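Shown next, in structure tokens, is the structure this report addresses.
Read-outs throughout are calculated quantities, based only on the coordinates presented, and are distinct from any laboratory measurement. Just so you know, these numbers come straight off a predicted model, no measurement behind them. Counting neighbours? That spans all protein chains shown, and the Cβs are built from the backbone with ideal geometry, glycine included.
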Amino acid sequence: DIQMTQSPSTLSASVGDRVTLTCRASQSISSSLAWYQQKPGKAPKVLISDVSRLKSGVPSRFSGSGSGTEFTLTISSLQPDDFATFYCQQYKSNPYTFGQGTKLEIK
Amino acid sequence: QAQLQESGPGLVKASQTLSLTCTVSGDFIKGGDYYWNWVRQPPGKALEWIGNIYYTGNAYSNPSLRSRVSMSVDTSKNQFSLRLTSVTAADAAVYFCARGCRGGDCYFDSWGQGTLVTVSS
């Protein structure tokens, strides 16, 4: 299985901050990476696929980058609605695996 | 955007079988553009992909669960289902159904709200 490791586990930030979340794969996954946002009691929502392809309706303050085994999700200016847990997921090979999540908290 | 809704018992006894159904609206399982997936999330923990099924009945599952998982699809009702046998406390989780794998890219673009399954001893 491809292991996905996210860092940090928790990030405290303020509205307006620029934040970067990291996701590392245990082996190369090319560009087969998605990012999700999950709020308490809700289903995850896909933000980005193929490393950097923003999904329809997702604000442009979200962006993704990386390749191979190292990937980042950047939020350029945090808004109150952004505080949630973020997961990366590889879909290079079965089983499709998720990172353990980064919880973005209000400072 | 498809809408998905899980249904099934919220409480299962240990060693018994968990059975869930996902009803799809706003899309047709038989359309063939997607695979239909199950993902679970133990309380406070990360997401785990369980498996998926195509409208033809072809199914793939996570090797860690393969011996206990079966899936089926009913295109006439636009539903797909999950069975997980011999459940233990480790199977207690929120179970989500999700649409994904368009063009072979297995990320998930529509999700059900999730259903909490508790395992009793």
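Before moving on, here are some points about what is shown:
- Environment charge at B:GLN79 (Cβ cut-off 14 Å; Lys +1, Arg +1, Asp -1, Glu -1): +1
- Filtered trypsin sites (Lys or Arg not before Pro), the stretch B:42-97: DSSP coil and at most 14 other beta carbons within 10 Å: B:LYS45, B:ARG66, B:LYS77
- Within straight-line cross-link reach of A:LYS45, lysines at Cα separation under 30 Å, skipping those fewer than 8 residues along the same chain: A:LYS55, A:LYS92, A:LYS103, A:LYS107, B:LYS30, B:LYS45, B:LYS77
- Of the trypsin sites (Lys or Arg not before Pro) found in the stretch A:1-68, those that fall in a DSSP loop while having at most 12 other beta-carbon atoms within 10 Å are A:ARG18, A:LYS42.
- Farthest towards the positive end of the charge dipole of the protein assembly as shown, among the residues B:VAL39, B:VAL69, B:GLN5, is the Cα of B:VAL69, using unit charges on the Cβ of Lys, Arg, Asp and Glu.
- Whole-angstrom gap from the stretch B:1-66 to the stretch A:81-107, using each part's C-alpha centre: 19 Å
- Hz values of 3J(HN,Hα) by residue in the stretch A:13-27 - Karplus curve (6.51, -1.76, 1.60), Gly and Pro given as x: 8, 10, 4, x, 5, 9, 10, 10, 10, 10, 9, 10, 9, 6, 8
- Averaged over the residues of B:46-54, the number of partner chain Cβ atoms lying within 10 Å of the residue Cβ comes to 4.
- Anisotropy class of chain A from Cα gyration tensor, a/c 1.5 cut: prolate
- Applying both filters, DSSP loop and at most 10 other Cβ atoms within 10 Å, to the chymotrypsin sites (Phe, Trp or Tyr not before Pro) of the stretch A:17-107 eliminates every site.
- ³J(HN,Hα), Karplus 6.51/-1.76/1.60, whole Hz, each residue of the stretch A:98-107, x for Gly, Pro: 10, x, 7, x, 10, 8, 9, 10, 7, 6
- Calculated from backbone phi, Karplus (6.51, -1.76, 1.60) coupling profile of the stretch B:26-41 in Hz, x at Gly/Pro: x, 7, 10, 4, 6, x, x, 7, 9, 9, 10, 10, 10, 9, 10, 8
- Cysteines in chain B that, by Cβ-Cβ distance, have no pairing candidate under 4.7 Å: none
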